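The values are calculated or read from the model by the stated rules, or taken from the named source; none is laboratory data. Worth saying up front: this structure is predicted, and the values here are computed from it rather than measured. Because the Cβ atoms are built from the backbone with ideal geometry, glycine has one as well, and the counts that use them run over all protein chains shown.
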Amino acid sequence: MDDPYTHRLATMADLDALKRLMNEAIAGHLPHFLTPEQTEASYEIMGLDTQLIEDGTYFVILDGAEIVAGGGWSFRATLYGGDHTQGRSPRRLDPAREPARIRAMYVSPRHARRGLGRRILALCETAARAAGFARAELVATMAGLPLYRACGYVVEREFSDRTRRGVAVPLATMSKRLDRDR
């Protein structure tokens, strides 16, 4: 059977479609792992960092013309969150000392369990490796944790991000070596 999916780098023209995808993914995936209050609070801490698009490090997967998955990597210090998230840093990472960041991974629930998360992760790891990074680091939601573990990421630290409304959303920092044989 032919693979119906294609991929490309995202452009700023994709922003509306990416926002819809992210909202659909949060609403469709997180309720299986979080309380309704935590799921709603996740919109406050998650989202797209448009710096990834500007840097040319954010991939989208399409089914025809529809964006059904997205995810990126970064050579900048910000570990997670969107444009609206506090604590962002545009500082460039040193590939010899610091890990690349895997960021803003979303898959439409209508296209879940088809290998799209793995595909985006592989695209990101390949690009980060080509940029000289030997490690990758990410912050996983509870919904993303099984995928990242299956792809070789190890939990470094579990924590909660407390939103402005005081809701604690559980997350995990994970990492993986990129310079080992696959």
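Those helices (runs of 4 or more DSSP H) of the stretch 1-68 in which 1 or more residues are among the basic types (Lys, Arg) and over 13 Å from the mean Cα position of the chain (by Cα) occupy 15-29. Only one entry of Arg165, Arg88, Arg149 meets the criterion of being more than 18 Å from Thr57 (Cβ to Cβ) and either more than 17 Å from the chain's Cα centre (by Cα) or assigned to a loop (DSSP other than H, G, I, E, B) (or both), and that entry is Arg165. Within this structure, Glu54 passes the test of being at pLDDT 95 or above and not small (Gly, Ala, Ser).
Of the numbered criteria (1) within 17 Å of Ser175 (Cβ to Cβ); (2) within 16 Å of the chain's Cα centre (by Cα), the one Arg97 fails is (2).
Looking at Ala143, Ala104, just one residue is surrounded by 14 or more Cβ atoms within 10 Å (Cβ to Cβ), in contact with a His (Cβ under 6 Å, 6 or more places away or on another chain), touching a residue at least 24 places away in the same chain (Cβ under 8 Å) and within 20 Å of Ala27 (Cβ to Cβ), and that residue is Ala143. Answer yes if at least one residue in the stretch 83-99 is buried (at least 18 other Cβ atoms within 10 Å of the Cβ), under 19 Å from Ala25 (Cα atoms) and either in contact (Cβ under 8 Å) with a residue 60 or more places away in the chain or not hydroxyl-bearing (Ser, Thr, Tyr) (or both), and no otherwise. No, the stretch 83-99 contains no residue that is buried (at least 18 other Cβ atoms within 10 Å of the Cβ), under 19 Å from Ala25 (Cα atoms) and either in contact (Cβ under 8 Å) with a residue 60 or more places away in the chain or not hydroxyl-bearing (Ser, Thr, Tyr) (or both).
Matching residues to (1) of a type in the set (S, T, N, Q); (2) surrounded by 19 or more Cβ atoms within 10 Å (Cβ to Cβ); (3) in contact with a His (Cβ under 8 Å, 6 or more places away or on another chain):
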position	(1), (2), (3)
His32	no, no, no
Thr35	yes, no, no
Ile53	no, yes, no
Thr57	yes, yes, no
Gly64	no, no, no
Gly71	no, yes, no
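Which residue out of Glu125, Glu137 is part of a helix (DSSP H, G or I) and either at pLDDT below 95 or in contact with a strand residue (DSSP E or B) (Cβ under 7 Å, 6 or more places away or on another chain) (or both)? Before the answer, list the steps.
Details: Glu137 fails: part of a helix (DSSP H, G or I).
Every option except Glu125 fails the conditions.
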